[in-house]
Amino acid sequence: MWMFPGKILLCHSIIKDPVFQPASERTRRLTDICSLGPPPGIMCDMQKETESTTRVITVDPLYPQPDIIEPAATIIREGSLVAFPTETVYGLGADALNADAVRRIFAAKGRPAHDPVIAHVSGPEMVADLVASMPTVAQTLIETFWPGALTLVLPKSEQVPSAVTANGPTVAVRCPAHPVAQALIAAAGTPIAA
């Protein structure tokens, strides 16, 4: 399986798309805000939005080192944003159970509030906090295809902030196969919306 390389960038500012060329006014705006060249992977702490400090760190993409992942997990737990690789794209993520943190994703990306985000989990055990019910077919799909690029849309639980679901009754849940994403979600101890 192809996956993004093991470099990540920690920053205290807004970020630009790490891989793709700017394709819209939104990405051009984000590119202008962050003057850094495109790193292969990034993590971003938006706790101090008026200051900008950036640090590139390297993590083994197949066996992420816990001591390198932990600072990013702490950023998530504190309600700030982290950009992280999945097997398909980079996600700008926040604690999926923290409404204020999720709203920071929308603000940073200029994403419309009517466009829901996906809650990323480290495994099936995390799904229980996110869904009101688990149909048998969903359980079968999880057992067959997770971790991987399968997103399930299920009835949301009361714990899921409306910002995640764009005020809808369902939540999109995914378990990414990328080892860095897996390590980050597990270390944060919470689903990550992205």
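The values are calculated or read from the model by the stated rules, or taken from the named source; none is laboratory data. Keep in mind it's a predicted model, so treat the numbers as computed, not measured. Methodologically, a virtual Cβ is constructed for each residue, glycine included, from the backbone with ideal geometry; neighbour enumeration extends over all protein chains shown. SASA here: full protein model, heavy atoms, side chains in, ligands and nucleic acids out. Shrake-Rupley method; radii C 1.70, N 1.55, O 1.52, S 1.80 Å.
Trypsin sites (Lys or Arg not before Pro), restricted to the range 88-194: which are DSSP loop and have at most 12 other Cβ atoms within 10 Å? Display every interim value, and only then the final one.
Values: sites: Arg103, Arg104, Lys109, Lys156, Arg174; in loops: none.
Of the trypsin sites (Lys or Arg not before Pro), not one in the loops of the range 88-194 has a Cβ with at most 12 other Cβ atoms within 10 Å.
Based only on the alpha carbon positions, what is the Kirkwood hydrodynamic radius of the range 80-179, in angstrom?
Details: mean 1/r = 0.0729 Å⁻¹.
Taking every pair of different Cα atoms in the range 80-179, averaging 1/r and inverting gives 13.7 Å.
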query: Using modelled backbone amide H atoms (1.01 Å from N, in-plane), which distant-in-sequence or interchain residues come within less than 5 Å of Thr170's amide H?
result: Lys156
Average accessible surface area per residue within the range 78-140, 1.4 Å rolling probe, Å²: 40 Å²
- prompt: Amide H to amide H, which residues 5 or more places from Gly93 or on other chains are under 5 Å from it, using H placed in the peptide plane?
  reply: Val82, Ala83, Phe84
- request: Consider just the alpha-carbon atoms of the range 69-133 and return their Rg together with their Dmax, both in angstrom.
  value: 12.1, 33
message: With θ taken as phi - 60° and the coefficients 6.51, -1.76 and 1.60, list the Karplus ³J(HN,Hα) couplings across the range 185-191 in order, rounded to whole Hz; mark glycine and proline as x.
response: 5, 5, 5, 5, x, 8, x
message: Ignoring ligands, DNA and RNA, please state the percent of accessible area on the range 65-109 from carbon and sulfur, probe 1.4 Å.
response: 54 percent
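Summarise the long-distance tail of P(r) for the range 124-174 by giving the % of C-alpha pairs beyond 19 Å.
Every Cα pair in the range 124-174 considered, those over 19 Å come to 20 percent.
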